[in-house]
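Have a look at the structure below, then the notes.
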Amino acid sequence: MNQPSPTDASARDVVAQRRPSGAAPSRRAVLGTAAWSAPLAIAASGAPALASSSTPLTDRIAIIGSGYGGAVAALRLGQAGKSVDLIEMGKDWTTDPGSFNKLTNPDGNSQWFLDRTDMPFAYLSGMDVVNRAIPRRAGVLGIEYFSGIKVYKGHGLGGGSLVNGGMAVTPRRSFFSQVPPQVDAAEMYSTYFPRANDALGVTAPPMDLVLESAWYQFTRVGVQQAKKAGIGHAMVPNVYDFEYMRREVVERETRSALAQEVIFGNNHGKKDLTKTYLATARRQSGVKVIPMTEVTAITQEADGTFTLAMKTIAFDRTVVSQSTARYGRVIMAAGSVGTAKLLMAAKATGAIRNLPAETGKRWGPNGNVVTSRRHRGIATGARQSGIPVAGITTWDDSPASVFAEVAPLPTGLEMETSLYLAITNNPNEAQYQRNAATGALELTWTPAMAAPGVSAMTNVMNRMNAVDGGTVRTDLFEGPKAYADFLTYHPLGGMVLGEATDLSGTAAGMTITETATPIGSRKGSEFAFTISQPLAAGASVTLPLRYFVKPPMINVAFQLFVRASVPNAAMSGGVALSERLGRVNAINTYNA
């Protein structure tokens with residue numbers, strides 16, 4: 001399985017998916033960067049005392065989570081000379097090389113505090129022989145269980161990069177431009193996608209391996225079946241070292257991708273983040289990695305700094321220590337679920353002031369649907385590489401769009417079966433909620449909300465079955481179900497760029513509502529706004545351009561200078577202000 005996009009949160013070198021879950025770690029003015037799908041930043045305002053003898057508290061930055069967003073933020077901030085604590089609730093697996101499990105031989109390293117493995121496909125021919133009893137330990141693959149869906153995620157330094165299939169899908173530009181219209185697509189495709197691919201070590205799969213190796217028979221069958229039905233396909237670059245794989249084939253290297261290693265981590269060959277961004281980040285003098293440590297709460301202090309409550313555990317969950325630390329800035333890179341847990345709690349209790357109403361909104365599973373097809377008499381191979389290299393596609397940006405990874409099913413048995421992990425254009429969205437009685441994070445996603453994705457994938461399967469007589473299997477997934485619509489590897493949303501955050505990804509701590517339609521030129525026009533925030537005389541407010549004009553002027557920012565007649569005393573309610581625009585602060589320059 002895979003998360004199909006590399007992400008570099010530093011400077012928009014981010015591969016975007018359907019719904020953003022945050023943005024860049026800081027304002028462009030601070031680090032010279034901006035991003036679309038990366039960490040969420042919470043910035044302090046104030047001048048607190050020193051936290052140590054060397055680093056002012058306002059200069060200390062906490063990054064919560066070490067997946068794609070956190071890794072890149074740590075690197076770029078470290079390169080900028082910042083003092084960074086990179087806090088990861090899972091293990092630093094680089095200290096225990098060779099400890100990742102095969103799919104068919106899991107132990108306590110496999111899953112995060114479960115008594116039994118819970119794999120996406122649970123059965124073989126309807127028999128419960130896939131999942132195994134395991135010791136309850138801090139394994140690498142975690143699952144968040146909600147009432148309507150379960151979310152798979154990585155635990156450990158490197159986050160999701162440890163447990164995905166390494167595919168690096170660049171989205172269709174036409175679709176990308178629809179999803180985050182605030183982002184300069186030309187810049188993304190000319191600069192930042194290439195930068196991310198280069199930094200992650202992405203390479204195209206060598207066609208001799210794909211076309212000739214027994215380990216990719218499953219890929220050839222999946223693509224051929226699609227072509228017969230008039231369905232397109234795409235070879236997909238990957239972070240796996242294919243030269244290493246060549247040596248695996250002839251057993252000149254220890255096998256990893258060819259030894260049923262993928263969802264519980266790869267011991268060799270795969271360039272996860274610990275070998276790329278994190279390896280470089282750790283060489284920066286200001287970056288400190290803190291593993292096996294969960295941030296349990298965030299509190300904003302009166303001076304604007306943030307206190308993090310933290311719990312450090314041993315591999316068997318024994319509590320080693322509990323502590324607090326204060327930071328001038330916090331970067332939320334704990335993924336959609338981890339970030340939502342902390343921010344929804346902080347919003348409900350008032351621990352962080354002025355978190356926006358949009359916090360926790362617009363969640364989706366990237367339209368994930370998993371299914372399988374049996375080919376009577378057509379072998380897909382008992383030996384299968386754990387690294388996927390191709391997908392089938394009907395993507396045209398419509399609601400019926402499907403991109404489905406031709407996924408491995410490395411059981412060691414001839415299954416005559418193709419497995420597909422699909423991304424669909426499902427428009428349904430849910431939101432996070434906090435249970436007031438228990439404090440637990442809940443999600444409003446229901447099984448019925450997966451229907452558009454299932455329908456789109458059903459159409460694709462029916463087209464292939466009509467051509468070659470194959471059938472969709474019902475004996476691999478729990479339920480039993482033909483279409484596994486109850487899981488996702490790609491949780492997205494909860495802190496959407498430009499809605500819950502500003503365009504640089506900083507949490508919107510101020511609600512600004514346009515109350516009059518702007519008329520005339522960008523300068524010298526009268527605008528009316530309702531600003532629900534205590535204001536002092538001479539205070540300034542930065543507004544994204546979307547409050548003023550329509551795209552493509554979306555990336556220009558204005559500064560509105562509040563009249564000095566605004567009272568110094570804090571205002572208990574919102575106040576309507578009508579003010580002339582003072583000056584333009586251009587982030588990007590466009591023609592009017």
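Nothing in this text is a laboratory measurement; each read-out follows from the coordinates by a stated rule. Because the structure is predicted, anything quoted here is derived from the model rather than measured. Every residue, glycine among them, receives a Cβ derived from its backbone with ideal geometry; neighbour counts consider all protein chains shown.
Under unit Cβ charges (Lys, Arg +1; Asp, Glu -1), what dipole magnitude, rounded to 20 debye, does the range 124-236 have relative to its Cα centre?
Once rounded to the nearest 20, the dipole reads 340 debye.
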Give the relative contact order (percent, whole number) for the range 353-486; include only Cα pairs under 8 Å separated by 6+ residues. 30
Take the alpha-carbon centre of the range 219-265, take the same for the range 166-204, and report the distance between them in whole Å. 22
Inter-part distance where the range 64-111 and the range 372-444 are each reduced to a Cα centre, Å: 25
Assuming a ≥ b ≥ c are the square roots of the Cα gyration tensor eigenvalues, decide whether the range 182-260 counts as rounded (a/c under 1.5), prolate (otherwise, with a/b larger than b/c) or oblate. oblate
Per the rule of 0.36 nm per residue minus the C-alpha distance, extending S125 to R172 adds in nm 13.2 nm
Distance from a point 7 Å along Cα→Cβ of D208 to each backbone N in the range 243-262: keep the residues under 12 Å and list them by number. 243, 246-247
For the pairs K150/K341; K91/K347; K82/K270, flag any whose C-alpha to C-alpha distance is greater than 18 Å. K91/K347; K82/K270
Report the gain in length on full extension from T191 to A133: 0.36 nm times residue separation, minus Cα-Cα distance, nm rounded to one decimal. 16.2 nm
Two pseudo-spin positions, 7 Å from Cα along C-beta at T296 and at D96, lie apart in nanometres by 2.2
Give me the lysines in straight-line cross-link reach of K228: C-alpha distance below 29 Å, same-chain residues under 8 apart excluded. K481
Averaging sequence separations of C-alpha pairs under 8 Å and six or more residues apart, then dividing by the length of the range 165-262, give the relative contact order as a whole percent. 33
Cα-projected label distance for T324 with E416, points at 7 Å along beta-carbon direction, nm: 6.5
Applying 1/(1 + (r/R0)^6) with R0 = 22 Å to the Cβ-Cβ distance of N462 and A379, what FRET efficiency is obtained, to the nearest 0.05? 0.45
Projected onto the charge dipole of the range 219-373 (+1 at Lys/Arg Cβ, -1 at Asp/Glu Cβ, origin at the Cα centre), which of I263, T293, N366 gives the Cα projection farthest towards the positive end? N366
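Please work out how much length the chain gains when fully extended from T312 to V250, using 0.36 nm per residue of separation minus the C-alpha to C-alpha distance, in nm with one decimal.
Result for the pair: 18.0 nm of gain on full extension.
Give me the dipole magnitude in Debye, nearest 20, for the range 197-347 about the Cα centre, with unit charges on the beta carbon: positive for Lys and Arg, negative for Asp and Glu.
For the range 197-347, the charge dipole is close to 260 debye.
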